[in-house]
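Worksheet: one structure, shown below.
The values are calculated or read from the model by the stated rules, or taken from the named source; none is laboratory data. Predicted model only: the values in this text are computed from it and were never measured. Ideal geometry is used to build each Cβ from the backbone, glycine not excepted, and the neighbour counts take in all protein chains shown. In case anyone asks, the SASA skips ligands and DNA or RNA and just uses the protein heavy atoms, side chains included. Shrake-Rupley method; radii C 1.70, N 1.55, O 1.52, S 1.80 Å.
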Amino acid sequence: MRKPLIAGNWKLNNNIAESVGLATAILDNLGCKNDVDIVIAPVFTAISAVAKVCTGSNIKIAGQNCHCIDAGAFTGEVSAPMLADAGCNYVILGHSERRQLFGETDCFINAKCYSALQAGLIPILCVGETEDERDKGEVFDVITRQITLALNEISQQQVEQMVIAYEPIWAIGTGKTATSNEAAEVHSFIRGVLSGLYSEQTANSIRIVYGGSVKPNNIAELMVEDDIDGALVGGASLKAADFSAIVNFPKSLKVAPR
Ligand code: 13P
């Protein structure tokens, strides 16, 4: 059984004081929760302060991106070892906003995954299709390409550390969630791709979370699906009450020590 994981991607929101305030409120609500892995991803500048607040707790910190080289002449970048040094355990990689707005390629994302793993960070690798690709029936081709290229040269032991996030781009920030059937179909397909690349046992050990307009009122129906192991939450993670309600999805649906 895979332990559920709920991650809040704060994107480009909240200064240091606001981030610490939000993290403190989440800690107050969820500090005792241990049947779900909880992750929050503040902006780079707030990571240290938020990590300090969450030290020793069950709330873990993620970077929203990192560079693939540890140090050097790469103005404006932050590396995986630097995120680990600042208090991160996770890093979100290949988010569709990085791919679409900042031109990140599958090959670049692969290098970032490798670098993150070397630094002891758990990559949350995001994949997902555009609305146009879905309309054209290309979902499985797009997902196969994104997963296969991002995991190039990543070993079985390494991939077993990773989390995959299926985030259909048409569902991000639109209020248009994929139905639980639509999401479950792609999650099961991703598990099949992982099984083909590694083994069924490895595929079954990797958590695949869903992202795209996850809210307190739709988390339960998503989590009931066998292959949906949690969520990557954007907008709703910016309110402590909503994020906490998502993390507290009806417990009877899935209880699993990892
Ligand atoms: P929303 O939950 O706002 O749709 O964002 C999803 C997302 O992009 C998380 O990474």
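Once all Cα-Cα distances of the stretch 124-258 are split into 10 Å bins that start at 0, what whole-number percent is in each one?
12, 44, 33, 11, 0
With each label point set 7 Å from Cα along the Cα-Cβ vector, what nm distance links Thr24 and Asn217?
Label-label distance for Thr24 and Asn217, simple model: 3.2 nm.
Give the residues of the stretch 70-103 whose amide nitrogen is closer than 20 Å to a point set 7 Å from the Cα of Ser57 in the direction of its Cβ.
Those under the cut-off are 84-92.
D for the stretch 47-172, whole µm²/s, Stokes-Einstein with Kirkwood Rh over alpha-carbon pairs at 10 °C and 1.306 mPa s: what number?
For the chosen part, D equals 105 µm²/s.
By what distance, in whole Å, do the Cα atoms of the stretch 167-245 stretch along each of the three principal axes, largest value first?
The principal-axis extents, from largest down, are 39, 23, 18 Å.
Over 25 Å between Cα atoms: which of Lys33/Lys112; Lys33/Lys239; Lys112/Lys215; Lys60/Lys215; Lys11/Lys136 fall into that group?
In this structure, Lys33/Lys112; Lys112/Lys215; Lys11/Lys136 lie more than 25 Å apart at Cα.
Mind putting a number on the dipole of the stretch 167-243 about its Cα centre? Charges go on the C-beta only, +1 for Lys and Arg and -1 for Asp and Glu, and I need it in Debye to the nearest 20.
Values: 5 positive and 10 negative charges, 62 e Å.
Dipole of the stretch 167-243, to the nearest 20 debye: 300 debye.
Bin by bin, in steps of 5 Å, what percent of the Cα pairs in the chain do you find, going until the bin that has the longest distance?
The calculated distribution, bin by bin, is 1, 6, 14, 19, 21, 18, 13, 6, 1, 0, 0.
Given 20 °C and 1.002 mPa s, compute D for the stretch 44-85 with the Stokes-Einstein relation, Rh being the Kirkwood radius over Cα pairs; round to the nearest whole µm²/s.
Values: Rh = 11.3 Å.
In µm²/s, the coefficient is 190.
Report, in debye and to the nearest 20, how large the dipole of the chain comes out about its Cα centre when Lys and Arg carry +1 and Asp and Glu carry -1 on their Cβ.
Working: 20 positive and 29 negative charges, 154 e Å.
I would put it at about 740 debye.
If the chain between Ser205 and Asn34 were fully stretched, how many nm would it gain, using 0.36 nm times the residue separation less the Cα-Cα distance?
Numbers: separation 171, 0.36 × 171 = 61.56 nm, distance 1.89 nm.
Length gained between Ser205 and Asn34: 59.7 nm.
Taking just the alpha carbons, could you work out the radius of gyration and Dmax for the stretch 7-118, both in angstroms?
For the stretch 7-118, the Cα radius of gyration and maximum Cα-Cα distance read 14.2, 43 Å.
To check my understanding: the extent here is largest minus smallest coordinate of the Cα atoms along each principal axis. What are those three numbers for the stretch 1-67, in Å, largest first?
Between the extreme Cα coordinates on each principal axis of the stretch 1-67 lie 35, 28, 18 Å.
Using modelled amide H (1.01 Å from N, peptide plane; none on Pro or chain starts), what sits under 5 Å from the amide H of Gly230, excluding residues fewer than 5 places away?
For Gly230, the qualifying residues are Leu5, Tyr210.
What is the percent carbon and sulfur in the accessible area of the chain, measuring with a 1.4 Å probe over the protein chains and ignoring ligands?
On the way: 5660 of 11000 Å².
That fraction is 51 percent.
Express the relative contact order of the chain as a whole percentage, based on alpha carbon pairs under 8 Å and six or more residues apart in sequence.
22 percent
With no solvent and one equal point scatterer per Cα, compute the Debye intensity ratio I(q)/I(0) for the stretch 146-207 at 0.21, 0.29 Å⁻¹ and report its log10, rounded to two decimals.
Here log10 of I(q) over I(0) equals -0.84, -1.26.
Can you show me the helix-derived [θ] at 222 nm for the chain, built from DSSP H runs with n ≥ 4 at -39,500 (n - 2.57) apiece and divided by the number of residues, rounded to the nearest 500. Mind showing how you got there, number by number?
Details: 12 runs with 111 residues, N = 258.
The per-residue figure over the chain is -12500 deg cm²/dmol.
Given a 10 angstrom Cα cut-off, can you work out which residue in Ala220, Ala178, Ala71 is the most mobile in a GNM of the chain?
Top of the fluctuation ranking is Ala71.
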